[in-house]
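Data first, discussion second: the structure below is written as structure tokens.
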Amino acid sequence: MRCRQCGKDWSGLKMCHCSRCHRTFSTLAVFDAHQPASTGWDCQDPAKNKFVTDDRGIWKYPKTARYTESETVSTSGGTS
Ligand SMILES: [Zn+2]
Ligand SMILES: [Zn+2]
């Protein structure tokens with residue numbers, strides 16, 4: 001899919017693109033987190049919430065966090 005306004009494209013059914021700040025998010029949960037109700041649904045910088053971007057600039061949960069992401073869950077068990 002491609003945003004008509006900023007020209008970014010992305011793929012993946014679960015991904016969300018914000019029409020206000022034009023960031024792309026790996027899941028709806030990350031999208032929701034950047035627009036907290038406490039700020040009146042204003043777009044926040046996801047980096048402030050410790051989110052990270054992958055090499056395509058898509059915001060997602062940091063690997064170190066114990067969030068349960070519905071997508072791929074590694075079974076190898078990371079070392080910290
Ligand atoms: Zn936004
Ligand atoms: Zn856009």
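Straight-line reach from K63: which aspartates and glutamates fall under 16 Å, measuring Cα to Cα and dropping same-chain residues less than 8 apart?
Here the aspartates and glutamates satisfying the reach criterion relative to K63 are D54, D55, E71.
Using 1/(1 + (r/R0)^6) with R0 = 22 angstrom and r between the beta carbons of K63 and A29, what's the FRET efficiency to the nearest 0.05?
0.90
Readers should treat all values here as calculations from the given coordinates under stated rules, not as data from a laboratory. Being a predicted model, the structure only gives us computed values, none of them experimental. Here Cβ is always computed from backbone atoms with ideal geometry, including for glycine, and neighbour counts include all displayed protein chains.
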